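The block underneath contains the structure these notes are about, expressed in C-alpha cells.
The values are calculated or read from the model by the stated rules, or taken from the named source; none is laboratory data. Here the structure is a predicted model, which means the values were calculated and not measured. As a convention, Cβ positions derive from the backbone with ideal geometry for all residues, glycine included, and neighbour counts pool all protein chains shown. Accessible surface is based on the protein model in full, side chains and every heavy atom, while ligands, DNA and RNA are left aside. Shrake-Rupley method; radii C 1.70, N 1.55, O 1.52, S 1.80 Å.
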Amino acid sequence: MSAEGGSKAIVAALAANLGIAASKFVAFLFTGSSSMLAESIHSVADSGNQGLLLLGRKRSERARTPEHPFGYGRERYFYAFVVAVVLFTVGALFSLYEGYHKISHPEEVKSPVWAFAVLVIAIGLEGFSFRTAIKESNELRGDRSWVSFIRRAKAPELPVVLLEDLGALIGLVLALAGVALAVVTGNGAWDGVGTVCIGVLLAVIATILAIETKSLLIGESAGPEAERKIVEALESVDEVDHVMHLRTQHIGPDELLVAAKIAVYHDDTAAQVARGIDAAEARIRDVMPIARMIYLEPALDEPPRKPRRAATEASTS
C-alpha cells in the first residue's frame with residue numbers, strides 16, 4: 001500500500017474541529033450541558049491531534065544524520081501514538097469525570113435549543129470531514145475491508161482521522177440523545193449518562209489507535225504479499241540461485257528496509273556476484289519503489305536449487 005495521502009483529510013478534519021469546538025463552547029455557556037462540554041473538549045483534543053499529525057509529517061521529512069542514519073520516518077508513528085494518548089487522557093478521562101459529576105449532581109439543561117442547533121451543525125461539519133477521509137482512504141485501500149485497512153496501513157494519518165471522525169460522529173449522536181432525554185424527562189442525569197458514553201467511546205478508540213501505532217513504532221515488516229514479490233524479484237536474477245532468508249522493516253510509512261541472504265553459484269567470480277547484486281537491487285526497487293535501503297549478503301548453499309539460465313540457454317541452442 002502506498003504511504004502517500006492523508007493531507008487533505010487532516011486539513012479538513014482540523015478546519016471542521018476548530019469550527020465545531022468554538023460552536024460547542026458557545027452552546028455549553030448557554031445550556032450548561034455536560035455533554036456539550038465533553039464534546040467541546042473532544043473537539044479541542046481532536047484539533048490538537050490533527051496539528052500533531054501535521055507536525056509529525058513535517059518532522060519526518062528531515063534528512064538522515066550520523067545519529068539517525070535511517071532518517072526520521074518513524075516520527076509519524078510517534079506523533080500518531082501521542083494522538084492516542086491525548087485522546088485518552090484529555091478526551092476520555094475528562095468526559096468520564098464530567099459525566100460522573102453530572103450524574104451525581106444533576107442540573108437542568110438550560111436553553112436546549114442552542115444545544116440542538118449546534119449539535120446538528122456539528123454533525124454536518126463532521127460528516128464533511130469524515131467523507132473526505134473516506135474518499136482519500138478508498139484510493140489506497142483497494143478491495144480490502146475497512147478493518148483490514150486500519151490494521152495494515154503503514155501511514156498512520158488516515159486511520160487516525162477515520163477513527164477520530166467516526167468517534168466524533170457517534171459522540172455527537174450520544175450528546176444529542178443525552179440532551180434530548182434530559183429535556184424530555186426533566187432529569188439532568190441523562191445528560192451525564194450521555195457524557196459517560198462519550199468517554200467510553202473515546203477510550204475504546206484511543207486504545208485501538210495505541211495498539212496499532214505501537215506495532216508500527218516497534219517495527220512492522222512489509223507484509224507477506226510484499227515479501228513474496230521481493231523474493232520473486234531476487235530469484236529472477238540469473239546470478240541468484242535462491243533466497244536463504246529475508247527480513248523487511250518499515251522505517252517510515254514510505255521507507256522500507258530490505259535485508260536478505262542470497263545463495264549464489266560457487267563458480268561465479270566476484271565481479272559476476274557484484275553485478276548480480278546490483279541487478280537484484282534494481283529489480284527489488286521495480287516491484288517495491290519504497291525500498292530505499294537494501295542490503296544483500298551473498299553466500300554459498302550447495303547444491304543449487306535452479307539451473308543457471310545462461311547454461312540452460314546454451315544447452316538448448
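Can you list residue pairs whose Cβ atoms sit under 7 Å apart, with the first residue in segment 238-265 being in contact (Cβ under 8 Å) with a residue 40 or more places away in the chain and open to solvent by 20 Å² or more (accessible area, probe 1.4 Å) and the second being in a strand (DSSP E or B) and not charged (D, E, K, R)? Count only pairs 6 or more apart in sequence or on different chains.
239/264; 244/262; 244/263; 244/299; 257/248; 257/249; 257/251; 257/293
Considering only segment 208-237, state which residues are open to solvent by less than 30 Å² (accessible area, probe 1.4 Å) and β-branched (Val, Ile, Thr).
Within segment 208-237, 213, 230, 237 qualify.
Inspect segment 49-61 for any residue being open to solvent by less than 70 Å² (accessible area, probe 1.4 Å), farther than 24 Å from residue 20 by Cα, assigned to a helix (DSSP H, G or I) and not acidic (Asp, Glu) and give the result as yes or no.
yes
Scan segment 60-80 and give yes if some residue there is under 21 Å from the mean Cα position of the chain (by Cα) and of a type in the set (A, V, I, L, M), otherwise no.
The answer is yes, given that some residue of segment 60-80 is under 21 Å from the mean Cα position of the chain (by Cα) and of a type in the set (A, V, I, L, M).
Hey, could you check segment 16-38 for residues that are farther than 17 Å from residue 186 by Cα and of a type in the set (Val, Ile, Thr) and say which is surrounded by the most Cβ atoms within 10 Å (Cβ to Cβ)?
My answer is 20.
Out of (1) within 20 Å of residue 86 (Cα to Cα); (2) out of contact with any Lys or Arg (no Cβ under 7 Å at 6 or more places or on another chain); (3) not small (Gly, Ala, Ser), the odd one out for residue 195 is which?
Of (1) within 20 Å of residue 86 (Cα to Cα); (2) out of contact with any Lys or Arg (no Cβ under 7 Å at 6 or more places or on another chain); (3) not small (Gly, Ala, Ser), only one is false for residue 195: (2).
When the residues of segment 1-15 are filtered to those that are at pLDDT 80 or above and open to solvent by 30 Å² or more (accessible area, probe 1.4 Å), which remaining residue is farthest from residue 179 (Cα to Cα)?
Across segment 1-15, the extreme among qualifying residues is 11.
Are there any pairs with C-beta distances below 6 angstrom linking a residue in segment 32-48 that is at positive phi to a residue that is assigned to a helix (DSSP H, G or I), with the two at least 6 apart or on different chains, and if so which?
Once the first residue is at positive phi and sits in segment 32-48, no partner that is assigned to a helix (DSSP H, G or I) comes close enough.
For segment 138-153, which residues satisfy the criterion of being surrounded by 15 or more Cβ atoms within 10 Å (Cβ to Cβ) and modelled with pLDDT of 85 or more?
Hits for segment 138-153 are 149, 150.
Quick one: in segment 77-134, which of the residues that are outside any helix (DSSP H, G or I) and either on the phi < 0 side of the Ramachandran plot or at pLDDT 85 or above (or both) is least open to solvent (accessible area, probe 1.4 Å)?
109
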